[in-house]
Amino acid sequence: MASIFCCFRGCASFLDLGFATPTVPIKKQPMIALDQQQIGQEVVLVKDGSRICGTGGALGNTAIMQDKAYFEVRLQQSGVWGIGLGSEKADLNSVPMGNDADSWVMCSDGYLRHNKEEMHHIAQLPQEGDTIGVSYNHIELNFYLNGQKLDCPFTNVRGQVYPAVYVDEGAVLDIVFDNFLRDPPPGFDKIMLEQSLLET
């Protein structure tokens with residue numbers, strides 16, 4: 001009997017007799033991406049804010065509020081680039097980033113820069129096609145090359161910070177906030193929106 005009613009309800013919907021079940025709109029969750037409002041003047045963001053090209057920097061559209069956050073960057077095309085964290089005060093028109101007190105970045109030349117200082121240097125430089133992971137736990141900012149920890153952390157990151165990337169000289173970077181190519185370090189997870197933190 002129930003199957004006949006379901007069939008009739010389907011027919012009634014087709015005939016538009018007023019018995020159709022109204023559709024409920026699905027609320028689209030906000031995406032974490034690079035922020036169109038927080039970019040350098042010569043930066044181009046494409047692919048819904050997940051790819052950066054041009055010249056300059058960009059910040060993510062949400063601050064890192066959770067205890068242990070992770071994101072990845074895929075080096076699509078070589079050039080001059082940098083990956084890390086920055087505050088809203090970071091200079092997004094200056095390349096390289098890391099020359100102010102508001103950005104902490106690993107640069108394409110292997111140097112980790114902050115406030116005009118070269119804090120560390122990595123021997124193995126990322127190449128086109130590589131994936132650079134970034135983990136942050138409000139104590140250390142660490143980098144991973146194709147899943148291998150580089151053991152050159154920043155320990156002086158302060159304040160409210162956002163994912164930060166910059167490009168120049170033809171570099172193209174894809175920033176990934178979900179569906180990672182490499183597993184995050186134990187205990188780390190994708191960046192969550194502040195509202196999502198309250199719901200968990």
Study note, to complete from the structure: For region 141-149, in residue order, the Karplus 3J(HN,Hα) values (coefficients 6.51, -1.76, 1.60; θ = phi - 60°; whole Hz; Gly and Pro = x) are 10, 10, 10, 10, 10, 6, x, 9, 5
Point to revise | Whole-number accessible area per residue in Å² for region 57-127, which is evaluated in the context of all protein chains at 1.4 Å | key: 41 Å²
Study note, to complete from the structure: Rg from C-alpha atoms of region 34-190, normalised by the globular rule of thumb 2.2 N^0.38 Å, equals 0.90
Review point. Of Lys47/Lys149; Lys89/Lys116; Lys68/Lys149; Lys68/Lys190, which ones are farther than 20 Å apart at the Cα?
Key: Lys47/Lys149
Check your understanding: Is region 50-103 best put as rounded, prolate or oblate by its Cα gyration tensor, with a ≥ b ≥ c the root eigenvalues, rounded for a/c under 1.5, and otherwise prolate when a/b is larger than b/c, oblate when not?
Key -> oblate
Practice item. For region 34-190, with all protein chains present and a 1.4 Å probe, just round the carbon and sulfur fraction of the accessible area to a whole percent. Key: 40 percent
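The values are calculated or read from the model by the stated rules, or taken from the named source; none is laboratory data. Please read these numbers as outputs of a predicted model, since none were measured by experiment. Protein only, heavy atoms only, side chains kept; ligands, DNA and RNA dropped before computing areas. Shrake-Rupley method; radii C 1.70, N 1.55, O 1.52, S 1.80 Å.
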